[in-house]
Amino acid sequence: MKENVAEFLKFRYEKLKLLKRSERGEVWLAQARQSGELVIIKRVESVGLPYELIKKFSFTLPAKVLYCAEDESETIIVEEFIQGESLHERKNFLSESQARGILLQMCDGLKELHEQKIIHRDIKPSNLILQGERIRLIDFDAARIFKEGKEADTHRLGTKGYAPPEQYGEGQTDPRSDIYSLGVTMKELVGTDCGERLKTILNKCTEYDPKNRFQSVDELKDALTTEEFDEPELTEQEPRRLDLFLLAARVLLFMIRREFHTELIILTIIIFLLASSPTLNSGENFQESIAKLETFTEEEPQEISQPVQGETFKLPEVITPPQSEVVLPSVEPPKEYTPPPRQTFSKDDLKLPTMPAPNEPSYEPPINFNRRRTSSGLLQTKLYLNDSLFDQFEHINDNIKITRAQWSATQLRLHITNDTDALWLNPKIKFVIGQNWGDGKITQTRELPTLASGESTEFIIPFNLLSVSDRENTSAYFQIWLDGDESKMNEHYWGAWFDIVD
């Protein structure tokens, strides 16, 4: 399988950068040759990973799986490249509202995975990518399928410090294991300075015994949503102080009505001194003090005495500054706009640069640089699959379903027209038919008749040249190249994968 898959990936994707290499495999950033889409290509020295399930379902958290192949020892995956901010590289702690939003998204996404028995087993900051407001979970290389009744995991994988105790052999990992790792991760991301309510939730996530944790992500979500998330609890003294300040407001209103300004200042000072008094804030003395103050404020306001007869009340004279005339600055009229002179070009200015000679060291000929001049610019080619015109771009990210009986009766027909102004001498065609299991692979190169300008020919490839395996999850593929004078032309390559179903 390794040779066939490697050949397929080489023609469909171009590797750009090695991101990671370890004893368990390697990770590459690559680009699709046809669409230019960035992808991740992974080779993992492990089998039984849930990538086929991830490819089958449209999950919220993981990257979309475009291709997956597995043999007895390793798994090859091509998946969506997720661009965003890794929480491992974040310099500041998350706020409680940010942490709560991420936790709620993780609860919804993990619920989808857990319903399909997928346990991630490696949740940590470096595997969480923030795309704007959306959180994504990557790296399912340590994931497993949960099996009821099993006492322990077959492989003890994960990251020290984030993995729960049962992941080290004390039991089988289950959804509560992901809740533990999520709790440890969020504790690290929010720091120690967070509300008591959030601390309580995260502490329950990270209990040593799985029975004492939240038993599902639904329970964790309920804890985040059904109660007030971070409402500070009032101490015993705070209700008393609140009553005292309300009473102070009533007293201040009374003093304003009485116009006792001096007394108002003195009373205000006394009230704030009493607010900090331990005697006033405790027990019976507090209640007695409140009662006395309330009795004092309930007195009826007295009538203000009239001024002495003959005494005239005068308002203080208000001195107004002399008014000076405001002079606005003069505004110059706008200048008339004159457009810049129009630039003209000569024919010499529009000439394309001269192509360097082929014998120069820096010369790199582009594709089709040495092709013959043609009236249309390309050979005219059409590929038919069982008499239906075949478009490989329709199946760039998925495989074609076909039964074993249909495979034996299927054939490819390649129609070629020489739309050039010269002979097409000694044309050849190369094709490969293979499968992912065993050594089943056929490679042939056939010569075609020389085609004059305007002539056509056809070449037929029957699929029954290859007998496909009877094993489950068998895939097969074909590849075709024109290997004559026009062999460097990228337009003349075809390939596709088939899933063999019963």
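Observations on the model:
- Amide hydrogen proximity for G171: with H placed 1.01 Å from N in the peptide plane, the residues at 5 or more positions away or on another chain lying under 5 Å are D153.
- Here the relative contact order of segment 85-225, from alpha carbon pairs under 8 Å that lie six or more residues apart, stands at 27 percent.
- Furthest towards positive pole of dipole, H415, F393, Q435, structure part segment 380-501, Cβ charges: Q435
- Going from the residue with the fewest nearby Cβ atoms within 10 Å to the one with the most, F8, F393, F81 rank F393, F81, F8.
- With the simple spin-label model, which puts each label point 7 Å out from Cα in the Cβ direction, the S467 to N386 separation comes to 2.2 nm.
- For Q444 and A405, the difference between the fully extended length at 0.36 nm per residue and the C-alpha to C-alpha distance is 11.7 nm.
- For S86, distant residues with modelled amide H under 5 Å away: L130
- Rg ratio for segment 380-501: its Cα radius of gyration over 2.2 N^0.38 Å, N being its residue count, equals 1.12.
- Taking amide H as placed 1.01 Å from N in the peptide plane, L66 has its amide H under 5 Å from the amide H of V78, E79, E80, each at least 5 places away in sequence or on another chain.
- In segment 2-80, the C-alpha radius of gyration followed by the widest Cα-Cα span (Dmax) gives 12.2, 33 angstrom.
- A Cβ-based charge dipole, computed about the Cα centre of segment 85-225 with Lys and Arg at +1 and Asp and Glu at -1, lands at about 140 debye.
- Calculated FRET value between S86 and D218, using beta carbons and R₀ = 45 Å, to 0.05: 0.95
- Over 29 Å apart at the Cα level, from the set K42/K199; K17/K64; K17/K428; K55/K221, are K42/K199; K17/K428.
- Per-residue ³J(HN,Hα) for segment 118-134, Karplus 6.51 cos²θ - 1.76 cosθ + 1.60, θ = phi - 60°, Hz, x for Gly and Pro: 8, 10, 6, 6, 8, 6, 7, x, 5, 9, 10, 10, 9, 9, x, 9, 9
- Kirkwood Rh, angstrom, segment 85-225 [1 / mean 1/r, Cα pairs]: 15.1
Here, each number is a calculation from the coordinates, and none is a lab measurement. Worth saying up front: this structure is predicted, and the values here are computed from it rather than measured. Heads up, the Cβs are rebuilt from the backbone with ideal geometry, glycines too, and the neighbour counts pull from every protein chain shown.
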